[in-house]
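These notes concern the structure reproduced below.
The values are calculated or read from the model by the stated rules, or taken from the named source; none is laboratory data. The model shown is predicted, which means the values in this text are computed figures rather than measured ones. With ideal geometry, Cβ positions are generated from the backbone for all residues, glycine too; neighbour counts draw on all protein chains shown. For the accessible areas, the whole protein counts, side chains as well, though only heavy atoms, and no ligand, DNA or RNA atoms are used. Shrake-Rupley method; radii C 1.70, N 1.55, O 1.52, S 1.80 Å.
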Amino acid sequence: MKNIIVTGGAGFIGSNFVHYVVNNHPDVKITVLDKLTYAGNRANLAGLPADRVKLVVGDVADAELVDKLVKNTDAVVHYAAESHNDNSLIDPSPFIQTNIIGTYTLIEACRKYGVRYHHISTDEVFGDLPLREDLPGHGEGVREKFTPDSPYKPSSPYSSSKASSDLLVRAWVRSFGLKATISNCSNNYGPYQHIEKFIPRQITNILSGIRPKLYGSGKNVRDWIHTNDHSRAVWLILNEGKLGETYLIGADGEKDNKTVLEMILKQMGQPADAYDHVKDRPGHDMRYAIDSTKLRTELGWQPEFTDFAKGLQATIDWYTEHEDWWKDEKKAVEAKYAKNGQ
Ligand SMILES: NC(=O)c1ccc[n+]([C@@H]2O[C@H](COP(=O)([O-])OP(=O)(O)OC[C@H]3O[C@@H](n4cnc5c(N)ncnc54)[C@H](O)[C@@H]3O)[C@@H](O)[C@H]2O)c1
């Protein structure tokens, strides 16, 4: 695969993937297709070689544009999405348009030209799991993690739009022989993540002299993975994954939100309790946890970022050193949360 399209390549995870491919696979050229919504940022691609990375500003739901680009490529890696749960509770419509119609548009073009397609999705399509302490025997002997066979039970407009897009891809594989794979990954952290998201919001709050905010009790568990480990897994699946298969990507990084916030505070030299509890997100999923055995045994993937405190420190350092990247948006992001009591 020498020429690939990366949709959403100016966003958080997509841009990290573009950097990963540029740095590790020198013979690959990338066309980034990105609408540059509030979450997309040209600066995320700054410094990349112009002869290897081209940005096309456009919509994944624009069938004419997508047809033209897909016709001349070897593969499409589809990251573009509306990605924030809280926004989907305020206005679901862009989630339906981009996540469902956008995916439909891309897979139609890939099927027409026989182009390889990889679909990026989330563990949130599986709904949530009970907290370990609520499981009989604290989870021993019961299936307590998501597997590729877990039933789809999405909770929010965001996760249901992603679930819908996964199901379209599965159907296009079965009915039309689309050359596709799907990956469902757990919560990512790392550089270039929009400051509306949990970890960057807390870090930039502290850097701005604002008290961090914790939804509800903070007992909700997320299974954290460094975005570089996600990128390595996606590249492996794109090149060695079995067509038609779904792979779950996770690095055994379960931590509750309260613990993560306390770690951020301590690592930034603040008292661990220097934060406010705010109104919980409606329908807030309790726990996500990924069983990535299939990816590890079939494709030999292992996470490299196994020390969360170290990865978190690198992320804190990145936001500290890149204030220019986020400071203009900080006020507006916090005003939006404040309107919602969060
Ligand atoms: N953030 C996570 O922890 C996480 C975990 C698992 C899976 N995912 C999935 O990974 C993907 C990327 O997530 P992210 O956190 O990087 O999101 P993000 O919001 O940071 O970036 C999304 C990118 O898509 C672009 N985009 C939005 N609508 C578009 C459209 N109609 N046409 C073209 N481009 C458009 C935006 O401009 C932005 O650059 C999503 O599919 C998401 O569901 C995210």
How many of the residues making up the stretch 64-75 are under 17 Å from I101 (Cβ atoms) and away from the ligand (no atom under 12 Å from the Cβ)? 3
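Would you say A332 is of a type in the set (A, V, I, L, M, F, W, C), loosely packed, with under 13 Cβ neighbours inside 10 Å and modelled with pLDDT of 95 or more?
Judged against the criteria, A332 is a match.
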Selection over the stretch 1-52 where residues are more than 13 Å from the ligand (Cβ to nearest atom), in a strand (DSSP E or B) and in contact (Cβ under 8 Å) with a residue 40 or more places away in the chain yields a count of 2
Single match in V234, V260 (criterion: of a type outside the set (S, T, N, Q) and farther than 22 Å from S150 by Cβ): V260
The stretch 294-318 residues that are open to solvent by 60 Å² or more (accessible area, probe 1.4 Å), paired with ones that are among the acidic types (D, E) (beta carbon under 7 Å, 6 or more apart): E304/D229; F305/D229
Taking the stretch 53-63 as the region of interest, how many residues are more than 10 Å from the ligand (Cβ to nearest atom) and either of a type in the set (S, T, N, Q) or touching a helix residue (DSSP H, G or I) at 6+ places or on another chain (Cβ under 9 Å) (or both)? 3
Among the residues of the stretch 174-197, write down those that are open to solvent by less than 10 Å² (accessible area, probe 1.4 Å) and free of Cβ contacts under 8 Å to residues at least 40 places away in the same chain. none
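Is it the case that N85 is open to solvent by less than 50 Å² (accessible area, probe 1.4 Å), within 11 Å of the ligand (Cβ to nearest atom) and more than 19 Å from F17 (Cα to Cα)?
yes
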Can you find even one residue in the stretch 198-219 that is open to solvent by 10 Å² or more (accessible area, probe 1.4 Å), basic (K, R), under 13 Å from the mean Cα position of the chain (by Cα) and farther than 26 Å from Y117 by Cβ? no
Single residue of V77, V60 found to be part of a strand (DSSP E or B) and touching a strand residue (DSSP E or B) at 6+ places or on another chain (Cβ under 6 Å): V77
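Do the conditions hold for S159, that is, is it within 15 Å of the ligand (Cβ to nearest atom) and either assigned to a helix (DSSP H, G or I) or open to solvent by 10 Å² or more (accessible area, probe 1.4 Å) (or both)?
Values: within 15 Å of the ligand (Cβ to nearest atom): yes; either assigned to a helix (DSSP H, G or I) or open to solvent by 10 Å² or more (accessible area, probe 1.4 Å) (or both): yes.
In short, yes.
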Could you please find all residues in the stretch 235-255 being polar (S, T, N, Q), open to solvent by less than 30 Å² (accessible area, probe 1.4 Å) and closer than 21 Å to K29 by Cβ? none
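What residue, of D229, D166, D223, is open to solvent by less than 10 Å² (accessible area, probe 1.4 Å), charged (D, E, K, R), within 11 Å of the ligand (Cβ to nearest atom) and under 28 Å from A272 (Cβ atoms)? Step through it out loud before you land on a result.
Details: D229 fails: within 11 Å of the ligand (Cβ to nearest atom); D166 fails: under 28 Å from A272 (Cβ atoms).
None of the others qualify; the one that does is D223.
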Would you check if there is a residue in the stretch 318-339 being under 30 Å from L248 (Cα atoms) and either hydroxyl-bearing (S, T, Y) or within 20 Å of the chain's Cα centre (by Cα) (or both)? yes
Hey, does the stretch 283-295 have a residue that's part of a strand (DSSP E or B) and touching a strand residue (DSSP E or B) at 6+ places or on another chain (Cβ under 8 Å)? yes
Here the qualifying pairs (Cβ atoms under 6 Å; residues six or more apart or on different chains; first in the stretch 323-342 and within 16 Å of Q202 (Cβ to Cβ); second outside any helix (DSSP H, G or I)) come out as W326/I195; K330/S208; V333/I195; V333/E196; Q342/V278; Q342/K279
Filter result (farther than 21 Å from I199 by Cβ and among the hydroxyl-bearing types (S, T, Y)) within the stretch 222-268: T246, Y247
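Within 14 Å of the ligand (Cβ to nearest atom), surrounded by 17 or more Cβ atoms within 10 Å (Cβ to Cβ) and hydroxyl-bearing (S, T, Y): is that true of Y79 in this structure?
Yes.
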Among residues belonging to the stretch 170-215 that are in contact with a Pro (Cβ under 7 Å, 6 or more places away or on another chain) and more than 12 Å from the ligand (Cβ to nearest atom), point out the one that is farthest from D149 (Cα to Cα). I206
Unmet criterion (only one of (1) without any contact (Cβ under 8 Å) to a residue 40 or more places away in the chain; (2) open to solvent by 40 Å² or more (accessible area, probe 1.4 Å)) for A272: (2)
